[in-house]
Structure formats: C-alpha cells, structure tokens
Amino acid sequence: MEDSTVETAQPVQTKKEECTLAIASVICGGLSFFFGLFTAIPAVICGHMALSDFNRNPGKYDSSAKSMSVIGMVLGYVFIALSVLAILAFIMVFIVAAGAA
C-alpha cells in the first residue's frame, strides 16, 4: 500500500535584517536637537554607510532601512548647517563688538 499523503511545499519566508547603521543614524540625528555637531556628524556618516550597504545588498534589509538612513542623513545635514550658521553669527557678533570697543 502506498502512502497517499502529499506534502505541499510551504514558501520559505526569510526574515530580513534590521540595519543597525540606519537606526544609529536616526538616533544620532534626533539627538542633534540637544548635542548639535557631536551627534549630527555621526548621523550623516552612519546614514551614508547604511544607504550604501542597502544599495549593495538590496534583499538583505527590510524596506525601512533606506528611509531611516535618509531621515538620519537629512537631520544630520540640517543640524550641521544650523550649527555652522550659529558659529558664523557668533563670530560676526564678536567682530562687531570688538570693532565698537
């Protein structure tokens, strides 16, 4: 007698990894509100590294990795620009104050 049970193949679902560099980029970008350049520069670096890793290995990470790395980079660049503007404003105020004395 033959065994009449037929096993159907179940599709293998692979769990995609979370990109830790993208997560670090978003966290550092958010912390730039409080720490300025000290976390904005790592946010940009981690964001670029995560985005390049995502593009190199498109099937490895989940879809949120790309958006998180872009968000972290944008936050980092915005706070770098704001910090540079604040430093330039401080220098201008110092020059004007020194010239008035």
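Only the coordinates and a few stated rules stand behind these numbers; no lab work does. Just so it is clear, the structure is predicted and the values come from calculations on it, not from any experiment. Note: ideal-geometry Cβ built from the backbone for every residue, glycine included; neighbour counts use all protein chains shown.
Other residues whose C-beta falls under 12 angstrom from the C-beta of Ile23 contribute a net charge of -3, scoring Lys and Arg +1 and Asp and Glu -1. Mean residue ellipticity at 222 nm, helices only, the chain: -25500 deg cm²/dmol; runs of at least 4 DSSP H residues each add -39,500 (n - 2.57), and the sum is divided by the number of residues.
Given (1) 0.97; (2) 1.47; (3) 0.92 as candidate values of Rg/Rh (Cα atoms, Kirkwood Rh), which corresponds to the one derived from the coordinates? Step by step, Rg/Rh (Cα atoms, Kirkwood Rh) for this structure corresponds to label (2). For the chain, the relative contact order comes to 32 percent (Cα pairs under 8 Å, sequence separation of at least 6). Considering only Leu85, Leu37, Leu51, the mean-square fluctuation computed in a Gaussian network model of the chain, springs between alpha carbons under 10 angstrom, is largest for Leu85. Note that segment 44-53 has calculated 3J(HN,Hα) couplings of 5, 5, 5, x, 5, 5, 5, 5, 5, 5 Hz, one per residue in order, obtained from phi through the Karplus relation 6.51 cos²θ - 1.76 cosθ + 1.60 (θ = phi - 60°); glycine and proline are x. Applying the Karplus relation 6.51 cos²θ - 1.76 cosθ + 1.60 with θ = phi - 60° to segment 26-38 yields 3J(HN,Hα) values of 5, 5, 5, x, x, 6, 5, 4, 9, 10, x, 5, 5 Hz, where x marks Gly and Pro. Taking Val70, Val84, Val26 in turn, the Gaussian network model of the chain (Cα-Cα springs below 10 Å) assigns the largest fluctuation to Val84.
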